[in-house]
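One structure is given here, and the rest of the page talks about it.
The values are calculated or read from the model by the stated rules, or taken from the named source; none is laboratory data. On a predicted model such as this, the values are computed, not experimentally measured, just so you know. Glycine also receives a Cβ, built like all others from the backbone with ideal geometry; neighbour counts cover every protein chain displayed.
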Amino acid sequence: MAEMDVNAVLAHLPQRYPMIMVDRVKECEPGKRIVAIKNVSANEPFFPGHFPHRPIMPGVLILEAMAQTAGVLVFRSRGTMPDDKTVYYYVGIDNARFKRPVIPGDQLEIEVHYERQLRGISKFNCVARVGAEVVAEATILCSMQSIDAK
């Protein structure tokens, strides 16, 4: 049930500002589940355009936070770190539902359960909450792919 601070999270994810969507890991059971935190700040780079009159975190970025949280779980489960020869891609999003807007000042808690892996594709059930309230949920599929680092 290891916690991870932002430095440990950054060691397990290739994303950097402005695309890093995980600030901290509260719990991690490798091969099973992970709970991570995204602090939603008023100075996020997407808020001025989404929307100027009512800032709302884009749903696709909530899904990205889910995928990044799943990525940390995968790297922790494998006991490896990201490198410049592999990328962890989305290959599918099923049953995505958004229950209420996420706004500046919210603390997004992302819980991801590892379901299975088949032919190199991992399946995760994800729930995002603000406090006790579910704000989004989805089933995501991700795959680690080798790339040519030139």
> Looking at (1) modelled with pLDDT under 95; (2) surrounded by 16 or more Cβ atoms within 10 Å (Cβ to Cβ); (3) not in a loop (DSSP other than H, G, I, E, B); (4) not β-branched (Val, Ile, Thr), which is the one condition that is false for residue 89?
Replying inline: (2)
>> For region 115-150, give me each residue that is in a loop (DSSP other than H, G, I, E, B) and of a type in the set (Lys, Arg).
In response: 119, 150
> Quick one: what pairs do we get from region 109-130, first residue without any contact (Cβ under 8 Å) to a residue 40 or more places away in the chain, second among the acidic types (Asp, Glu), C-beta under 7 Å, 6+ apart or different chains?
Replying inline: 123/115; 125/115; 127/111; 127/137; 129/109; 130/106
> Failed condition for residue 77, given (1) without any contact (Cβ under 8 Å) to a residue 60 or more places away in the chain; (2) more than 17 Å from residue 143 (Cα to Cα); (3) of a type in the set (S, T, N, Q), with all others met?
Replying inline: (2)
> Only one residue in 112, 72 is surrounded by 14 or more Cβ atoms within 10 Å (Cβ to Cβ), in a helix (DSSP H, G or I) and in contact with a Cys (Cβ under 9 Å, 6 or more places away or on another chain). Which one?
Replying inline: 72
> Mind checking which residues of region 11-24 are surrounded by 15 or more Cβ atoms within 10 Å (Cβ to Cβ) and at pLDDT below 95?
Replying inline: 12, 13, 14, 15
> Which of the residues that make up region 115-137 are modelled with pLDDT of 95 or more, surrounded by fewer than 21 Cβ atoms within 10 Å (Cβ to Cβ) and of a type outside the set (S, T, N, Q)?
Replying inline: 115, 123, 127, 129, 130, 131, 132, 133, 134, 137
